[in-house]
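A.B. asks: Sharing a structure below in structure tokens format, with a few things to ask.
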Amino acid sequence: MQLRRCGTNAVLVEVDSLGEVEAVRAAVEAAELPGVVELVPAARTVLVVTEPGTLPAVRKILATADLAHRPRTVSDEVVIPVRYDGPDLDLVAETAGLTTAEVVDLHAGATYQVAFCGFAPGFAYLTGLPEPLHQPRLDSPRTKVPAGSVAIAGEYTAAYPRATPGGWRLIGRTDAPLFDPRRPTPALLTPGHRVRFEATR
């Protein structure tokens with residue numbers, strides 16, 4: 001673990017894996033320090049933003065954090081209805097050596113966790129994708145992926161909150177309100193949330 005000072009009231013924690021990112025995030029969150037303003041996890045880092053005077057307490061927590069075993073935390077579960085009719089569903093099935101029904105069963109049967117958010121407002125990278133569905137991005141990204149598209153790429157699955165370019169393989173679509181700036185918490189999915197996809201017609 002490496003700590004890099006970011007301005008006067010933040011520290012960037014650099015680690016070696018996504019699992020260690022989750023351990024850092026969970027350890028700081030479990031400490032419930034009143035001076036922690038924001039936690040921003042990414043693929044290999046966690047930015048901890050604090051109020052003045054709080055960084056020493058954060059450093060103390062990080063010094064004793066067990067990166068191999070994250071603290072147990074209770075997180076909300078979000079269920080997202082999906083119509084599995086994406087344009088890449090057949091490609092995913094063929095690449096995985098499965099039927100399209102088996103792809104749907106695997107994707108909808110897993111429980112995911114929001115590891116971090118990025119790329120676009122409300123875009124959550126979800127871990128927990130069954131290994132047979134791990135697939136590369138498309139060779140040629142689309143110039144416009146429709147809002148609500150449910151997709152997979154590498155070890156992640158996600159749903160596009162708005163229409164953007166993208167190279168993930170599209171397996172379905174949802175009408176869930178993934179991002180609404182008028183809500184107190186604009187993003188439906190935030191780091192730590194558990195997520196399930198529910199197949200609909």
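The values are calculated or read from the model by the stated rules, or taken from the named source; none is laboratory data. On a predicted model such as this, the values are computed, not experimentally measured, just so you know. Don't worry about glycine lacking a Cβ; one is built from the backbone with ideal geometry, like all the others, and counts go over all protein chains shown. Calculation scope for accessible area: heavy atoms of the full protein, side chains included, ligands and nucleic acids excluded. Shrake-Rupley method; radii C 1.70, N 1.55, O 1.52, S 1.80 Å.
A.B. asks: Can you give the three extents of the C-alpha atoms in region 81-182 along their principal axes, from longest to shortest, in whole Å?
C.D. replies: For region 81-182, the Cα extents along the three principal axes come out at 42, 29, 21 Å.
A.B. asks: Here's a follow-up. Pop a pseudo-label 7 angstrom from the Cα along the beta-carbon direction at both ASP76 and CYS6 and give the gap in nm to one decimal.
C.D. replies: 2.3
A.B. asks: Still on this structure, please answer the following. Once the principal axes of the Cα atoms of region 1-112 are found, what is the range along each, listed largest first in whole angstroms?
C.D. replies: Computed over region 1-112, the largest-to-smallest principal extents equal 56, 25, 25 Å.
A.B. asks: Here is a follow-up. Show the residues, 5+ positions off or on another chain, whose built amide H is closer than 5 Å to the amide H of THR200.
C.D. replies: So THR200 has HN proximity to VAL82, ARG83, TYR84.
A.B. asks: Keeping every protein chain in place, order HIS107, HIS193 by accessible area at 1.4 Å, biggest value first, i.e. largest first. Numbers along the way, then the final one.
C.D. replies: On the way: HIS107 0, HIS193 30 Å².
The ranking, largest first, comes out as HIS193, HIS107.
A.B. asks: In Å and whole numbers, how far do the C-alpha atoms of the chain stretch along each principal axis, longest first?
C.D. replies: Result, largest extent first: 54, 37, 32 Å.
A.B. asks: Ok, one more. Hey, any idea what % of region 1-150's accessible area is carbon plus sulfur with a 1.4 Å probe?
C.D. replies: Numbers: 4120 of 7920 Å².
For region 1-150, the apolar C and S fraction of the accessible surface comes to 52 percent.
A.B. asks: If you don't mind, another one. Could you give me the ³J(HN,Hα) list for region 121-137, computed from phi with Karplus coefficients 6.51, -1.76, 1.60 and θ = phi - 60°, whole Hz, x at Gly and Pro?
C.D. replies: x, x, 7, 10, 8, 9, 9, x, 5, x, 3, x, 9, 5, 9, x, 5
A.B. asks: HN-Hα J couplings of region 195-201 from phi, Karplus 6.51/-1.76/1.60, θ = phi - 60°, integer Hz, Gly and Pro as x?
C.D. replies: Once θ is set to phi - 60°, the couplings for region 195-201 become 9, 10, 9, 10, 5, 10, 9 Hz.
A.B. asks: Each residue of region 40-56 in order: what ³J(HN,Hα) in whole Hz does its phi give by Karplus 6.51 cos²θ - 1.76 cosθ + 1.60, θ = phi - 60°, with x for Gly and Pro?
C.D. replies: These are the phi-based 3J(HN,Hα) values: 10, x, 9, 5, 9, 9, 9, 8, 10, 9, 10, 7, x, x, 8, 4, x Hz.
A.B. asks: Once you place label points 7 Å from the Cα toward the Cβ at ASP16 and ARG83, how far apart are they in nm?
C.D. replies: Rounded to a tenth, the inter-label distance reads 4.7 nm.
A.B. asks: Same structure again: In a shell of Cβ-Cβ distance under 15 Å around LEU33, excluding LEU33 itself, what net charge do Lys and Arg (+1) and Asp and Glu (-1) give? Please report the intermediate quantities before stating the final value.
C.D. replies: On the way: positive: ARG25, ARG59, LYS60; negative: GLU29, GLU32, GLU38, GLU51.
Charge balance near LEU33 sits at -1.
A.B. asks: Which one of VAL21, ALA68, ALA31 has its Cα pushed farthest toward the positive end of the charge dipole of the chain, where Lys and Arg give +1 and Asp and Glu give -1 at the Cβ?
C.D. replies: It is ALA31.
A.B. asks: Label points 7 Å out from Cα along the Cβ direction at ILE61 and ARG44: separation in nm?
C.D. replies: Calculated label separation equals 2.4 nm.
A.B. asks: Ordering SER17, SER140 from largest to smallest accessible area (1.4 angstrom probe), what's the sequence?
C.D. replies: Details: SER17 40, SER140 85 Å².
Descending order: SER140, SER17.
A.B. asks: According to the Kirkwood expression over distinct Cα-Cα pairs, how big is the hydrodynamic radius of region 44-93, in Å?
C.D. replies: On the way: mean 1/r = 0.0630 Å⁻¹.
Final number for the Kirkwood radius of region 44-93 is 15.9 Å.
A.B. asks: While we're here: Classify region 105-163 as rounded, prolate or oblate from the Cα gyration tensor: take a ≥ b ≥ c as the square roots of its eigenvalues, call it rounded if a/c is under 1.5, otherwise prolate when a/b beats b/c and oblate if not.
C.D. replies: Numbers: a/c = 1.80, a/b = 1.29, b/c = 1.39.
Verdict is oblate for region 105-163.
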